[in-house]
Amino acid sequence: MDPRLSACPIAFGAFKIGRNQGIKYPSGYELPSDAEAEALLNGALDLGVRVIDTAPAYGVSEERIGLYLAHRRAEFWLSTKAGERFEGGRSHYDFSRDAIARSIDESLARLRTDRLDSVLLHLNAESESRDLGPARDALLAAQAEGKVGLVGASPVTEAGLRQCLPWAQILMAEVNPLAAPLDAILAGQQSGRAPVLVKKAFASGRLAPEEALRFALGKEYVAAVVVGTLSLEHLAENVRLARALRGDGPA
């Protein structure tokens with residue numbers, strides 16, 4: 001495993017720096033200013049966070065990461081997604097080979113880099129019932145061209161996770177005490193194989209941070225827990241707590 005994936009138990013989820021429409025959070029928020037986004041992104045790296053998670057569907061997230069972190073590109077693992085766009089207030093999904101290839105090239109340009117450390121299929125329940133072979137093949141082709149490091153998926157259902165397991169080199173999955181079926185699949189078939197970036201560790205605020213982090217970081221297959229926040233103080237507290245739970249000592 002690349003040392004950046006496991007260097008810090010917390011990864012930074014960059015959704016909130018780019019989009020505040022069509023959200024699933026319990027309350028709304030204002031997008032940060034350019035200066036605030038720059039301070040937050042660089043502050044995350046200064047805290048020791050070494051994984052940044054973004055997506056084309058996250059509004060201007062990719063552009064801001066490219067603008068404010070290109071000069072520190074070697075310091076962090078950059079993970080984005082493909083297959084979902086958010087336009088006109090709603091998500092649009094396209095997992096054709098051409099769409100995935102185009103998405104990767106557009107992400108490279110927005111992120112101001114010549115290589116993405118990982119690209120995940122940005123799945124939803126409907127897309128997971130379809131044949132993802134063309135999308136997988138597009139990821140593997142981009143990998144062969146040197147544009148992508150690891151290829152994988154971010155599934156939402158048990159069926160989707162099972163479909164991606166045979167080929168995914170990295171996964172993003174919901175891991176918390178309320179998502180037991182997904183945990184059982186990952187623990188039974190993924191331990192020691194593909195690293196997992198954890199989404200929704202706090203179950204949309206239903207779990208206390210210590211409880212959620214203790215559960216997720218106790219899983220052998222977990223590389224890091226993705227935390228999305230607009231507060232550097234909040235991020236620092238999660239980094240401190242996660243390091244203590246993992247036995248890394250204080251942040």
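The values are calculated or read from the model by the stated rules, or taken from the named source; none is laboratory data. Bear in mind that the values here come from a model prediction, so they are computed numbers and not experimental data. Glycine gets a Cβ as well: all are built from the backbone with ideal geometry, and neighbour counts include every protein chain shown. Side chains included, ligands, DNA and RNA excluded: accessible areas come from the protein's heavy atoms. Shrake-Rupley method; radii C 1.70, N 1.55, O 1.52, S 1.80 Å.
In this structure the amide hydrogen of ASP117, modeled in the peptide plane, comes within under 5 Å of the amide hydrogens of LEU78, GLY149, none closer than 5 places in sequence on its chain. For the Cα trace of region 55-150, dividing Rg by the Kirkwood Rh returns an Rg/Rh value of 0.97.
A straight chain from ARG193 to LEU178 at 0.36 nm per residue would run longer than the Cα-Cα distance by 3.1 nm. Note on region 177-225 and region 89-133: Cα centroid distance 24 Å, given to the nearest whole angstrom.
Taking every C-alpha pair closer than 8 Å and separated by at least 6 residues, the mean separation divided by the residue count of region 1-109 gives a relative contact order of 29 percent. Solvent exposure of the chain amounts to 43 Å² per residue of accessible area, where only protein heavy atoms count and the probe is 1.4 Å. Per-residue extension of 0.36 nm, minus the Cα-Cα distance of GLU158 and ARG240, leaves a gain of 26.3 nm for this segment.
With contributions of -39500 (n - 2.57) from each DSSP H run of at least four residues, the per-residue ellipticity at 222 nm computed over the chain stands at -11000 deg cm²/dmol.
Ordered by solvent-accessible area of protein heavy atoms (1.4 Å probe), largest first, the residues ARG112, ARG102 come out as ARG112, ARG102.
Quick check on packing: order 31-39, 45-53 by the mean number of other C-beta atoms within 10 Å, highest mean leading. Mind showing how you got there, number by number?
Numbers: 31-39: 15.0, 45-53: 21.1.
Result, highest mean Cβ count within 10 Å first: 45-53, 31-39.
What the phi angles of region 73-80 give under the Karplus curve with 6.51, -1.76 and 1.60, with θ = phi - 60°, is a coupling list of 3, 5, 7, 9, 7, 9, 10, 10 Hz, glycine and proline written as x.
Rounded to the nearest 0.05, what FRET efficiency do SER91 and SER204 give with R0 = 22 Å and r taken as the Cβ-Cβ distance? Could you check? Computed FRET efficiency for SER91 and SER204: 0.75. Residues HIS122, HIS234, HIS71, HIS92 ordered from highest to lowest accessible area at a 1.4 Å probe: HIS71, HIS234, HIS92, HIS122. Each Cα pair under 8 Å and six or more residues apart adds its sequence gap; the mean of these over the residue count of region 135-251 is a relative contact order of 18 percent. Net length available on complete extension from ARG214 to LEU230 is 3.5 nm, with 0.36 nm assigned per residue and the Cα-Cα distance removed.
Could you tell me which of rounded, prolate or oblate describes region 1-120, using a ≥ b ≥ c as the square roots of the eigenvalues of the alpha-carbon gyration tensor, with rounded for a/c under 1.5 and, failing that, prolate when a/b is larger than b/c and oblate otherwise? Numbers along the way, then the final one.
Details: a/c = 1.68, a/b = 1.14, b/c = 1.47.
Taking the square roots of the gyration eigenvalues as a ≥ b ≥ c, region 1-120 is oblate.
Of the accessible area of region 1-151, computed with a 1.4 Å probe over protein heavy atoms only, carbon and sulfur atoms account for 48 percent. Pairwise alpha-carbon distances in the chain exceed 27 Å for 30% of all pairs. Sorted largest first, the principal axis extents computed over the alpha-carbon atoms of region 149-205 equal 32, 22, 20 Å.
Karplus-derived 3J(HN,Hα) values for region 219-229, using 6.51 cos²θ - 1.76 cosθ + 1.60 with θ = phi - 60°, are 8, 4, 7, 7, 8, 7, 9, 7, 10, x, 7 Hz; glycine and proline are entered as x. Scanning residues 5 or more positions from VAL51 or on other chains, those with amide H under 5 Å from its amide H are PHE12, TRP77, with H placed 1.01 Å from N in the peptide plane.
For region 16-60, list residues with backbone N below 17 Å from a point placed 7 Å from the Cα of HIS71 toward its Cβ? Only 34-47 pass the distance filter.
Classify region 1-42 as rounded, prolate or oblate, taking a ≥ b ≥ c as the square roots of the eigenvalues of its Cα gyration tensor: rounded when a/c is under 1.5, otherwise prolate if a/b is larger than b/c and oblate if not. Oblate, because a/c is 1.5 or more while a/b does not exceed b/c. Cα-based radius of gyration for region 108-248, normalised by 2.2 N^0.38 Å, reads 1.10.
Computed from backbone phi with θ = phi - 60° and the Karplus coefficients 6.51, -1.76 and 1.60, the 3J(HN,Hα) list for region 90-100 is 8, 7, 10, 10, 8, 10, 6, 4, 5, 5, 5 Hz; x is used for glycine and proline.
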